[in-house]
Amino acid sequence: MLKIIGLIAIGVVFFLGSIGVGEQWINPFSPVSALDAMILWDIRFPRVLLAFAVGGLLALAGAWFQVLLGNPLAEPYVLGVAGSSAVGAIVAMMFWPDVAWVMSMGAWVGAWVGIVLVLRFAYLGANRLLLAGVVLAAFWGAMIALLLSIMPERGVASALAWMMGDLSSSWISPDYVMIAWVVALACGLYLSHALDALLLGSAHAQALGVDLPVLQQRLLLLASMVTAVAVTAAGTVGFIGLVVPHLMRLMFGAMHRTMLIASAVGGGVLLMVADTVARTLVAPAEIPVGVITALMGVPLFLFLLLRRDADASH
């Protein structure tokens with residue numbers, strides 16, 4: 001419990017620091033002018049809150065997919081939901097390029113198309129579901145390439161920026177994404193005992209009274225919905241859902257009641273840090289936040305792999 005409190009305290013520190021950091025530092029506790037206060041609370045605060053909520057949602061979805069599929073390399077985009085969402089966003093931009101909220105609405109509709117297709121294959125079991133997800137992801141990737149090739153040139157840059165992660169122009173209010181974060185964490189905690197049983201294997205989980213088909217359907221739907229919210233709000237942000245659950249298991253253990261809280265907070269902190277770097281490193285220009293998460297996530301994930309291999313050899 002003390003570790004969780006410490007992680008939350010670190011999250012609060014980074015949250016306040018991310019609000020203060022920008023083209024110029026502004027003290028969150030004592031803004032000098034009304035303009036500084038507006039920059040802090042009307043511009044930076046909603047974006048940092050959105051980054052925290054999206055990062056937490058991706059980490060939770062990654063943790064659920066990993067236990068659902070029994071694969072430590074599973075992550076929120078493994079079943080193609082992000083690809084279908086991107087197709088929806090690009091189609092919307094092709095027909096309504098000058099309407100800001102249409103892209104997010106298209107992404108939301110596209111994500112649900114992907115979810116429905118994934119649920120269609122849910123009865124196949126974890127291994128075949130994963131294979132179906134890989135094939136669907138390849139299909140959506142081909143559709144994205146096709147649409148970008150015929151898309152008007154002025155819309156290609158916006159589409160690519162969204163596909164690399166974009167927290168600067170989300171149509172969804174950060175408040176709603178934060179509500180989704182709270183609901184998702186609550187659902188995860190409600191299912192935590194069943195998830196702990198599933199770690200022992202399907203046969204052991206059923207022996208302990210877990211209704212495995214129902215649990216798998218709930219996890220699949222919950223993780224897909226969470227991914228849809230995150231992708232709609234911020235585009236495709238990689239590595240958060242892959243790296244954070246591994247890191248939290250290493251730090252807090254595999255029991256889900258603790259690990260899910262740690263993932264929800266840790267994923268939010270990591271994306272806050274990445275977004276702060278993305279919008280300040282070459283300010284006033286911005287780097288896509290997905291680029292920063294990849295640059296941070298790749299070495300971190302390789303370190304975790306080496307650490308696990310070293311632990312296994314002893």
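Key figures
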item	result
Among residues of the range 37-52, those that are surrounded by 16 or more Cβ atoms within 10 Å (Cβ to Cβ) and either at positive phi or free of Cβ contacts under 8 Å to residues at least 40 places away in the same chain (or both), counted	4
The range 127-151, residues that are in contact with a helix residue (DSSP H, G or I) (Cβ under 7 Å, 6 or more places away or on another chain) and without any contact (Cβ under 8 Å) to a residue 60 or more places away in the chain	Ala132, Gly133, Leu136, Gly141, Leu148
Evaluation of Ser168 against (1) buried (at least 20 other Cβ atoms within 10 Å of the Cβ); (2) of a type outside the set (A, V, I, L, M, F, W, C); (3) part of a loop (DSSP other than H, G, I, E, B) (one fails), failing number	(1)
Residue ID - farthest from the chain's Cα centre (by Cα), chosen from residues in the range 98-146 that are surrounded by fewer than 16 Cβ atoms within 10 Å (Cβ to Cβ) and outside any helix (DSSP H, G or I)	Asp98
Residue match in the range 11-23 (condition: part of a helix (DSSP H, G or I), touching a Phe, Trp or Tyr at 6+ places or on another chain (Cβ under 7 Å) and within 23 Å of Tyr176 (Cβ to Cβ))	yes
Criterion: crowded, with 20+ Cβ neighbours inside 10 Å and of a type outside the set (A, V, I, L, M) - qualifying residue of Pro72, Pro76	Pro76
Residues that are more than 17 Å from Arg44 (Cα to Cα), in contact (Cβ under 8 Å) with a residue 60 or more places away in the chain and aliphatic (A, V, I, L, M), drawn from the range 157-190	Ala159, Ala161, Met163, Met164, Ala180, Ala184, Leu185, Leu189
Sole exception among (1) in contact with a Ser or Thr (Cβ under 6 Å, 6 or more places away or on another chain); (2) under 27 Å from Ala111 (Cα atoms); (3) of a type outside the set (Gly, Ala, Ser) for Met248, by number	(2)
Candidate set from the range 171-190 (those that are within 26 Å of Leu117 (Cα to Cα) and surrounded by 20 or more Cβ atoms within 10 Å (Cβ to Cβ)); member that is modelled with the lowest pLDDT	Ile172
Unique residue being of a type outside the set (Val, Ile, Thr), closer than 13 Å to Ala51 by Cα and surrounded by 14 or more Cβ atoms within 10 Å (Cβ to Cβ) when the list is Arg279, Arg249	Arg279
Residue list for the range 199-215, restricted to those being more than 23 Å from the chain's Cα centre (by Cα) and of a type in the set (A, V, I, L, M, F, W, C)	Leu200, Ala203, Ala205, Ala207, Leu208, Val210, Leu212, Val214
Condition check for Gly83: assigned to a helix (DSSP H, G or I), small (Gly, Ala, Ser) and closer than 19 Å to Val177 by Cβ	no
Elements of type helices (runs of 4 or more DSSP H) in the range 195-311, at least 2 residues being touching a residue at least 40 places away in the same chain (Cβ under 8 Å)	212-234, 240-252, 256-280
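One line per residue, one yes/no per condition, for (1) at pLDDT 90 or above; (2) closer than 11 Å to Ala63 by Cβ:
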site: Gly238; (1), (2): no, no
site: Met248; (1), (2): yes, yes
site: Ser263; (1), (2): yes, yes
site: Gly268; (1), (2): yes, no
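The values are calculated or read from the model by the stated rules, or taken from the named source; none is laboratory data. Everything quoted here is computed from the prediction, not taken from an experiment. Reconstructed Cβ throughout: ideal geometry from the backbone, glycine too, with neighbour counts over all protein chains shown.
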